């Protein structure tokens, strides 16, 4: 039998269709089955490739983004890497505002892909609401130029199209009822997009929004600092819609890190801290739902982006 390999005309066509893996070793007995969507298989190693492509292509369709313009965004890293990648393929300049609070690997990847990177200094390396606000303000200043297009990820509903496709992939891959889905909240794009796909497909899924325990804005209305990149921004994101999730829960940052470490050493799945947070939440949910049920979690990106920040140094 002849093996069929994918052949693409552009690197952009390699976005999506990522594998889904059933966890074998770190799931306790008498729990639901947990499947993890491995988004590290996208070109820049992150789920953010999906939303970057959606933001750019929908802006092109509306003629908001035209040849010769510069794309502008604020980002902790993975969205920046994804946009730098998409802009490189499509021929746009990309000006990105980030911070030293985020992983060096992410900042270096943006530079490698041709981004004009502006780094805002953080206080003690913490991701805080004040830092995010400062990044947003600086990106908005740059985007005041008429030759720029501000993707503005936190307020851009186009990202939902990219993540709804991921939801459809999950439904097709699992091919049976999906009883639980949990996802950490940053832009809220992946939670909303996947949940929307589940609802359209008629799935009766318990959807849980996750946030760091030190920044419980959804559960207690209290913002705070932490070191889980890409989530827990300290305010309720514009795209979060209560119709698409059932409950919000907190996860301790240390538990998220320990889960990521266990995933690497026991399952051979190398992911970052936000993925550890998702899977820690999925394990709790799987215990509640019990055997013969199915829980889905997203492994947002590759752990290779977190080597210098000490995640795997224990």
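The values are calculated or read from the model by the stated rules, or taken from the named source; none is laboratory data. Bear in mind that the values here come from a model prediction, so they are computed numbers and not experimental data. Virtual Cβ from ideal backbone geometry, glycine too; neighbours counted across all protein chains shown.
Annotation: of all residues in region 234-269 being more than 25 Å from residue 205 (Cβ to Cβ) and not in a helix (DSSP H, G or I), the one that is modelled with the lowest pLDDT is 234.
So, residue 170, is that one in the same structural domain as residue 239 (by TED's automatic domain parsing), part of a helix (DSSP H, G or I) and in contact with a helix residue (DSSP H, G or I) (Cβ under 9 Å, 6 or more places away or on another chain) or not? When the stated conditions are applied, residue 170 passes them. The set of residues in region 286-298 that are surrounded by fewer than 24 Cβ atoms within 10 Å (Cβ to Cβ) and assigned to a helix (DSSP H, G or I) comprises 287, 288, 289. Assessment of region 113-127 against the conditions (touching a strand residue (DSSP E or B) at 6+ places or on another chain (Cβ under 7 Å), free of Cβ contacts under 8 Å to residues at least 24 places away in the same chain and closer than 15 Å to residue 229 by Cα) yields at least one matching residue.
Quick grid of which residues meet (1) touching a residue at least 60 places away in the same chain (Cβ under 8 Å); (2) over 23 Å from the mean Cα position of the chain (by Cα):
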residue	(1), (2)
7	no, yes
53	yes, no
61	no, yes
70	yes, yes
91	no, yes
100	no, no
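In the set 165, 176, only one residue is under 30 Å from residue 200 (Cα atoms) and assigned to a helix (DSSP H, G or I); that residue is 165. Quick one: in region 214-225, which of the residues that are within 18 Å of residue 183 (Cβ to Cβ) and surrounded by fewer than 20 Cβ atoms within 10 Å (Cβ to Cβ) is modelled with the highest pLDDT? Ranking the candidates gives 219 first. How many residues does region 179-226 contain that are within 15 Å of the chain's Cα centre (by Cα) and assigned to a loop (DSSP other than H, G, I, E, B)? Summing the residues that are within 15 Å of the chain's Cα centre (by Cα) and assigned to a loop (DSSP other than H, G, I, E, B) in region 179-226 gives 4.
Every condition in (1) under 23 Å from residue 238 (Cβ atoms); (2) in the same structural domain as residue 238 (by TED's automatic domain parsing); (3) free of Cβ contacts under 8 Å to residues at least 24 places away in the same chain is met by residue 137 except one, and the failing one is (2). Does residue 21 satisfy the condition of being touching a strand residue (DSSP E or B) at 6+ places or on another chain (Cβ under 9 Å), under 23 Å from residue 297 (Cβ atoms) and in the same structural domain as residue 166 (by TED's automatic domain parsing)? Criteria met by residue 21. Of the residues making up region 114-148, those that are surrounded by fewer than 21 Cβ atoms within 10 Å (Cβ to Cβ), in contact with a helix residue (DSSP H, G or I) (Cβ under 8 Å, 6 or more places away or on another chain) and under 17 Å from residue 52 (Cβ atoms) are 114, 117, 148. When 207, 231 are screened for being touching a strand residue (DSSP E or B) at 6+ places or on another chain (Cβ under 6 Å), crowded, with 17+ Cβ neighbours inside 10 Å and farther than 19 Å from residue 76 by Cβ, only 207 passes.
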